[in-house]
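K.L.:
Just passing along the structure, written as structure tokens.
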Amino acid sequence: MQLFSPTGLIERRTLLRAAGGAFLAGLAPRAAEALTETDAVFASAYFDREGQYGVALLTECGEIVHRYVLPERGHDAVFDPTGRTLVVFARRPGTFAAVIDTANAATPVVFHAPEGRHFYGHGRFSADGRLLYVTENDYDNARGAIGIYDATDGFRRIGEFSSGGIGPHDMTILPGARTMLIANGGLETHPDYGRTILNLATMKPNLALVDLRDGSIMATHELPHEMHKLSIRHLSMTADGTVWFACQDQGDIHELFPLAGSVSPQGELALLDIPEEDLRRLHGYIGSVVVNERAGSVVFTSPQGNVAYEIDRESRAVRARHDLVDVCGAAARGDGFFLSTGQGMLDGRQTSLAWDNHIVRRPA
Amino acid sequence: MRSFAIILAAATLLGVNSAHALTVSDEAAVEPVRNVVAGFIQPAFERFDESAELAGVAVNSLCEEPAKRTLESARQAFRDSALAFARIEFLRTGPLARDNRLERLLFWPDRRGIALRQVQAAIATGDESVTDAANLPAKSVALQGYTALEYLLFGTGSDKLAGAGSSHRCGFAAAVAENIHAIAKALDAEWHDKNGYAAVWSAPGPDNETFRSVEETVGELVSLPSEAFEIIRDQRLKPILPDDGKPKPKLALFWRSGLTMAFTQSSFEALRTYFEASGLAGVLPEDERWQARSIEFEFNNAGDALSRLQMPIEDVLANEDRVSDLKYLMILSQSLQRLFGEQITATLGLSVGFSSLDGD
């Protein structure tokens, strides 16, 4: 584990300076008060005017509680079960993860993917918070892996298991804490070739169910062959263990395949029958999926389509449509959703930050 | 990618970009698409179809009459056909994006040498099924296109094609050449179909299922070259000049046929013609015309560098000055990618968001 500051430990005030004058200047009295008095509810990676990447803690209303500078672009983040520790993952093909102790606003520390690996931007804590699982690309061997990091020992990497496919992206731990569902996006990439997809014609995404006790693959779910270019990327789970998934179409997006679906606790996969007109608006791309337990709904966002669709989980029909340019970040709030955009909109207000693809909610 | 994101995000945060706010009229914005279809794309696919057909004829002649002369004709026809392909391979929209056509024509990059293994296995086992073009579409894409054909005509053992006893290998090559031609013919026909993709692309509207708005139509026009330069840099140049400084000539596309740099030159020339035929420069506001001049300037620079690089890739990598040219070409491809993907995109008022870029 090492600090990302090349000079070693840096004090918080140095970090704040590094975040740019805009940060301090932008702290209105109310925000300053929030910094000490209001619990952060959400976290999301961002990009600011000075060209700096970071992650922000946000209140329920979208006020910025605190900003942390990141060495490169972040993607998703995850809180540990206590809600105190936040880990932000580098966007693929990045290799860092930044660990933040939200209780004392200490300087983030980073750990890295091992040699020959990069992260995909997502991870999950074990139910007891002792382990952190991270999706990784073992790129020389073209296989997906889940790295296991010990959260009680400085996030030391203590093992790994196969993700059950190529290009693992998001994952979720199912009720009972013994099994993990992994979205293997199916895309083979290698840093030597930038973002080039090396197996477009043969890609075979899947949802792999893994036994966390020994890393064995218990089952894999694949989409019908004609949909093999639907890269399954993101997941969101309901309390009963139904997992909603969202895809990104790597083929001809005008062919209009279903871009989302669900897997029941019994393992039944059902694609979402999105009306053609709505499907067309998604432009073959869903960037984020989030369940709202209380509202009985699930939201799918499409920054390419400038739209977010709220789906009724019971009837599986479109409940609402939100037109929002470059919308991607989403989190459940009350009976609705808290949304962000790459153009700075956050919960309906324009901010000075470009928000990255995901918003994570702190455990209650 | 970082600086790319910085410029864009800065632009979006400053309010330069907003969705559905083209800076030119709808008619003016669609005109470059019509221009480029008629002035570059359709002729390029015609030429591709013709050269693919000639390659098929030449390989068949080789099989019927194995000799040094017919082998050389077949190899030359391969070169012509591959260079014609270089002119259309970046048009990864519509016909070429369907049915795995692009991957069937060019299985590349092939980091693990799958094509080589499969082609060698088919030769070693004397697999008769690969000598019939009708069977190829159902087989691995690695057996169907230019990388397979290049190995058959230029790889280990290919000189024996000039003599008797290589009928299986030659039959395999003829089947691949015929398969390539079949795809080329279909692409040409689809681009010339009056109600086909060309019409769909250039007539956006609420009833158009593919292009609902002028923004989408114009967005496709500028994204194709932007992606093309990224592919040239990431797939064609970067792997042979990796960060560790050890040149890897055998990771170059078409190193066996000595076509690596000619292919790249053909790609750049095609992209320049695409830009010029579109008349996109004329659509830019007066005070933004410098972008078009910058593009011309960079194309000139690339042309100069490429003219010095016309030699087998092994020779390029063995010469310090030529390696510098290659590195310069990488910088130029980055620059051109930005000019199309950022500058012109922003000038035209197209929305390119931080979140929607570079899918994840």
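The values are calculated or read from the model by the stated rules, or taken from the named source; none is laboratory data. Source: prediction; values computed, not measured. Cβ: placed from backbone, ideal geometry, glycine included. Neighbour counts: every protein chain shown. When the accessible area is computed, the model is the full protein with side chains, heavy atoms only, and any ligands, DNA or RNA have been set aside. Shrake-Rupley method; radii C 1.70, N 1.55, O 1.52, S 1.80 Å.
K.L.:
Looking only at residues that are closer than 30 Å to B:Arg111 by Cβ and without any contact (Cβ under 8 Å) to a residue 40 or more places away in the chain in the stretch B:200-243, which one is surrounded by the most Cβ atoms within 10 Å (Cβ to Cβ)?
P.N.:
So the residue we want is B:Arg236.
K.L.:
Give the residue that is surrounded by the fewest Cβ atoms within 10 Å (Cβ to Cβ), with candidates limited to residues of the stretch B:307-335 that are in contact (Cβ under 8 Å) with a residue 12 or more places away in the chain and under 15 Å from B:Phe254 (Cβ atoms).
P.N.:
B:Gln310
K.L.:
Name the residues in the stretch A:276-293 that are in a loop (DSSP other than H, G, I, E, B), more than 9 Å from every other protein chain (Cβ to nearest Cβ) and not β-branched (Val, Ile, Thr), would you?
P.N.:
A:Leu282, A:Gly284, A:Glu293
K.L.:
Let me ask something else about it. Please verify whether the stretch B:244-259 includes one or more residues that are within 11 Å of chain A (Cβ to nearest Cβ), within 25 Å of B:Arg322 (Cα to Cα), touching a residue at least 40 places away in the same chain (Cβ under 8 Å) and under 14 Å from the mean Cα position of the chain (by Cα).
P.N.:
The answer is no; no qualifying residue exists.
K.L.:
Can you report the number of residues in the stretch A:169-226 which are part of a loop (DSSP other than H, G, I, E, B) and among the hydroxyl-bearing types (Ser, Thr, Tyr)?
P.N.:
Counting residues in the stretch A:169-226 that are part of a loop (DSSP other than H, G, I, E, B) and among the hydroxyl-bearing types (Ser, Thr, Tyr) gives 3.
K.L.:
Take the stretch A:232-270 and flag every residue that is in contact with a Phe, Trp or Tyr (Cβ under 9 Å, 6 or more places away or on another chain), assigned to a loop (DSSP other than H, G, I, E, B) and either crowded, with 21+ Cβ neighbours inside 10 Å or within 14 Å of chain B (Cβ to nearest Cβ) (or both).
P.N.:
Of everything in the stretch A:232-270, those that are in contact with a Phe, Trp or Tyr (Cβ under 9 Å, 6 or more places away or on another chain), assigned to a loop (DSSP other than H, G, I, E, B) and either crowded, with 21+ Cβ neighbours inside 10 Å or within 14 Å of chain B (Cβ to nearest Cβ) (or both) turn out to be A:Gly251, A:Leu259.
K.L.:
Hey, another quick one. Exactly one of (1) more than 30 Å from A:Ser264 (Cα to Cα); (2) surrounded by 21 or more Cβ atoms within 10 Å (Cβ to Cβ) is unmet by A:Arg124. Its number?
P.N.:
Evaluating A:Arg124 over (1) more than 30 Å from A:Ser264 (Cα to Cα); (2) surrounded by 21 or more Cβ atoms within 10 Å (Cβ to Cβ) leaves (1) as the failure.
K.L.:
Take the stretch A:310-335 and flag every residue that is assigned to a strand (DSSP E or B) and over 17 Å from A:Trp244 (Cα atoms).
P.N.:
Listed by number, the residues that qualify are A:Ala320, A:Arg321, A:His322, A:Asp323, A:Val327, A:Arg333.
K.L.:
Condition test on A:Pro81, is it assigned to a loop (DSSP other than H, G, I, E, B), at pLDDT below 95 and over 14 Å from A:Asp356 (Cα atoms)?
P.N.:
no
K.L.:
Restricting the search to the stretch B:128-163, which residues are open to solvent by 50 Å² or more (accessible area, probe 1.4 Å) and not in a helix (DSSP H, G or I)?
P.N.:
B:Asp132, B:Lys139, B:Thr156 - these are the residues of the stretch B:128-163 that are open to solvent by 50 Å² or more (accessible area, probe 1.4 Å) and not in a helix (DSSP H, G or I).
K.L.:
Of the conditions (1) among the hydroxyl-bearing types (Ser, Thr, Tyr); (2) modelled with pLDDT of 95 or more; (3) open to solvent by 30 Å² or more (accessible area, probe 1.4 Å), B:Tyr197 fails just one. Which one is it?
P.N.:
(3)
K.L.:
Please specify each residue of the stretch B:102-140 satisfying the condition of being closer than 16 Å to B:Gln235 by Cβ and of a type in the set (A, V, I, L, M, F, W, C).
P.N.:
Once the filter is applied, which keeps residues that are closer than 16 Å to B:Gln235 by Cβ and of a type in the set (A, V, I, L, M, F, W, C), the stretch B:102-140 yields B:Leu102, B:Leu105, B:Leu106, B:Phe107, B:Trp108, B:Ile114, B:Ala115.
K.L.:
Ok, one more. Of the residues that make up the stretch A:57-65, is at least one at pLDDT 95 or above, assigned to a loop (DSSP other than H, G, I, E, B) and open to solvent by 10 Å² or more (accessible area, probe 1.4 Å)?
P.N.:
No - not one qualifying residue is present in the stretch A:57-65.
For (1) within 26 Å of A:Val41 (Cα to Cα); (2) touching a Lys or Arg at 6+ places or on another chain (Cβ under 7 Å), each residue gets a yes or a no:
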{"residue": "A:Ile253", "(1), (2)": "no, no"}
{"residue": "A:Gly261", "(1), (2)": "no, no"}
{"residue": "A:Leu272", "(1), (2)": "no, yes"}
{"residue": "A:Ser297", "(1), (2)": "yes, yes"}
{"residue": "A:Val307", "(1), (2)": "yes, yes"}
{"residue": "A:Arg333", "(1), (2)": "yes, no"}
{"residue": "A:His358", "(1), (2)": "yes, no"}
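K.L.:
Give the number of residues within the stretch A:198-231 that are open to solvent by less than 10 Å² (accessible area, probe 1.4 Å), within 13 Å of chain B (Cβ to nearest Cβ) and in contact (Cβ under 8 Å) with a residue 40 or more places away in the chain.
P.N.:
2
K.L.:
Right, something else. Being more than 24 Å from A:Ala103 (Cβ to Cβ) and facing another protein chain (nearest Cβ under 8 Å) is the filter here, so list the residues in the stretch A:338-354 that pass it.
P.N.:
Those that are more than 24 Å from A:Ala103 (Cβ to Cβ) and facing another protein chain (nearest Cβ under 8 Å): A:Thr341, A:Gly342, A:Gln343, A:Gly344, A:Ser352, A:Ala354.
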